[in-house]
Structures are given as C-alpha cells and as structure tokens.
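The values are calculated or read from the model by the stated rules, or taken from the named source; none is laboratory data. Only a predicted model underlies this, so the values are computations on that prediction, with no experimental measurement involved. Because the Cβ atoms are built from the backbone with ideal geometry, glycine has one as well, and the counts that use them run over all protein chains shown.
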Amino acid sequence: MARAPRPKRNLAAEIAMAVRSGAYRAGEWLRQVDLEERFGATRFDIRAALAELELRHTVEHVPNRGFRVAVPDRRRLRDMLEVRALLEAEAALAALPHLDDAALQLLEARAAAFEHAVAEGTVMSQSETNLAFHDTLYSFAPNQVLVEVATETRNRARLWPLVLWPSMQALRRSAEGHRDILAALRRRDAPAVAASVRAHILGSAANDPAGDEAGGG
C-alpha cells in the first residue's frame, strides 16, 4: 500500500511563529546556520522561507549583511487594516441578500469548525478554519472582483503566512467575533453586519504585531 504523502511543511509560518512568540526581537539578525539547526531545515528552504517573510515585511534583507527581524510599520499596518475592513465589510453586505437558510447553516458549520480547532486543533487548522468562515461568507457576494480585491488586501496586510493568534484568549475572542457576525446576518441587520465585520478585523490581535489582546480575524 502506498504511503500517504506527508503534509507540506510551512517553514515560513514556523519562523513567523517564533518571531510572534518573542523568540526573536525586532531588529535582531537571523543567522541562517542557527535557523537551519533550530528548524531542522536545509539552507535552501530557510532562504526560501525568509524570502517569503521579506515580502510580508516580517523580516528585511540588508545586502551583504543578511536578514533581520523587521520593525513593524504600525502606521502602514493600521492603514492596510482599515482598507481591508472597508472591503470585507462591503463584501459581507453584498453577500447578505443572497444568504438563504442553507447558506446560514453552512456559515454556522464554518464557525463551529473554527471553535473546534480553537479547542483541539493545530495552528494550521485554526488558520484554515478561520479563513474558511470569511471566504465562505464572501463567496455569496455577486461581485467577485470585490471579493478578489478584498482577499488580496487581506493577504498583503498580514505579516504572517498563517493567521497567528498570540493567546488562547485572542482565539476565543475571534470565535466570538464570528458569532457576532452570524447573529447580525441572521437578523438581516445590514449596519450591524458591517460594524461586526469591521470590529472583528480592526480589533484583531492576530493582525497586530504587538500582540494586544483585542480579538482575532
């Protein structure tokens, strides 16, 4: 019997988790040989992971010096989050008239899957189920260009390859945020839908490099 393929390793996410947890400080130089030893990876894989993190502004490359942990540009991050919140709130409003009972049940299942991942899952499953909730909601919006732009902006606004929460409290608040969005959708309350989506994103500890405990999105 053929062996099942091993899940692909997300080395960039592992390094980002180490940065997020405080293992490496802002401005600290990252010696590739140390990363190879710590993560049990080849130099090629380490360089590829660092290149991905450079694109996300998690690390920066200094010619002839190497890579160091970037000092987050908090103004740029908040500006990106503001744009993301506007786009995702609009996508949710566009989806609202097209959510029948079956669609709401599907969103309920997506929210429950995230809650299960919070309780028993891995960082990967938490990230995937969180994004699945949002992506499922926006998939009901007729204007898929809006959805594509919102998704692209979300990806650009994230410092980490995965959605990373700094604590269990932040994860639970993210789950509560999904429930707030669902409640507004069920009431067909458009202002509350927009407000809950915006609050979920702008108050997200997962989106904040300082790791404040506000929420998660």
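On the basis of being touching a Lys or Arg at 6+ places or on another chain (Cβ under 7 Å) and modelled with pLDDT under 95, does Ala214 make the cut? Steps first, answer last, please.
Working: touching a Lys or Arg at 6+ places or on another chain (Cβ under 7 Å): no; modelled with pLDDT under 95: yes.
Here the answer is no, as Ala214 does not meet what is asked.
Do any helices (runs of 4 or more DSSP H) lying entirely in segment 1-83 carry at least 2 residues that are under 29 Å from Val197 (Cα atoms), and which ones are they? It would help to see each step written out before you state the result.
Numbers: elements: 11-20, 32-39, 43-55.
The qualifying helices (runs of 4 or more DSSP H) are 11-20, 43-55.
Which count do you get for residues in segment 64-77 that are free of Cβ contacts under 8 Å to residues at least 40 places away in the same chain and surrounded by 12 or more Cβ atoms within 10 Å (Cβ to Cβ)? Reasoning before the result, please.
First, the residues of segment 64-77 that are free of Cβ contacts under 8 Å to residues at least 40 places away in the same chain: 64-67, 73, 75-76.
Checking the rest, the ones that are also surrounded by 12 or more Cβ atoms within 10 Å (Cβ to Cβ) come to 66-67, 73.
Summing the residues that are free of Cβ contacts under 8 Å to residues at least 40 places away in the same chain and surrounded by 12 or more Cβ atoms within 10 Å (Cβ to Cβ) in segment 64-77 gives 3.
Could you list all residues from segment 45-72 that are acidic (Asp, Glu), closer than 26 Å to Ile201 by Cα and either touching a helix residue (DSSP H, G or I) at 6+ places or on another chain (Cβ under 6 Å) or in the same structural domain as Leu146 (by TED's automatic domain parsing) (or both)? Quick ask: steps written out before the conclusion?
Initially, segment 45-72 is screened for residues acidic (Asp, Glu), giving 45, 52, 54, 60.
Checking which are closer than 26 Å to Ile201 by Cα leaves us with 52, 54, 60.
Answer for segment 45-72, where residues must be acidic (Asp, Glu), closer than 26 Å to Ile201 by Cα and either touching a helix residue (DSSP H, G or I) at 6+ places or on another chain (Cβ under 6 Å) or in the same structural domain as Leu146 (by TED's automatic domain parsing) (or both): just Glu52.
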Cβ pairs under 7 Å, 6+ apart or interchain, first in segment 19-40 and exposed (fewer than 11 other Cβ atoms within 10 Å of the Cβ), second of a type in the set (A, V, I, L, M), ordered by first then second residue, are Arg25/Val69; Gly27/Val69; Gly27/Val71
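Per-residue answers, yes or no, for (1) out of contact with any Ser or Thr (no Cβ under 6 Å at 6 or more places or on another chain); (2) farther than 14 Å from Leu159 by Cα; (3) modelled with pLDDT under 95; (4) not acidic (Asp, Glu):
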| position | (1), (2), (3), (4) |
| --- | --- |
| Ala2 | yes, yes, yes, yes |
| Arg9 | yes, yes, yes, yes |
| Ala13 | yes, no, yes, yes |
| Ser21 | yes, no, yes, yes |
| Glu36 | yes, yes, no, no |
| Leu50 | yes, no, no, yes |
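Let's see how each residue does on (1) more than 17 Å from the chain's Cα centre (by Cα); (2) modelled with pLDDT under 95; (3) under 20 Å from Pro166 (Cβ atoms):
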position	(1), (2), (3)
Ala18	no, yes, yes
Tyr24	yes, yes, yes
Thr58	no, yes, yes
Leu77	no, yes, yes
Val83	no, no, no
Leu87	no, no, no
His98	yes, no, no
Asp101	yes, no, no
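Being surrounded by fewer than 16 Cβ atoms within 10 Å (Cβ to Cβ), in a loop (DSSP other than H, G, I, E, B) and at pLDDT 95 or above narrows it down to one residue among Pro191, Pro142; which is it? Spell out how you get there, then give the answer.
Working: Pro191 fails: in a loop (DSSP other than H, G, I, E, B).
Among Pro191, Pro142, only Pro142 is surrounded by fewer than 16 Cβ atoms within 10 Å (Cβ to Cβ), in a loop (DSSP other than H, G, I, E, B) and at pLDDT 95 or above.
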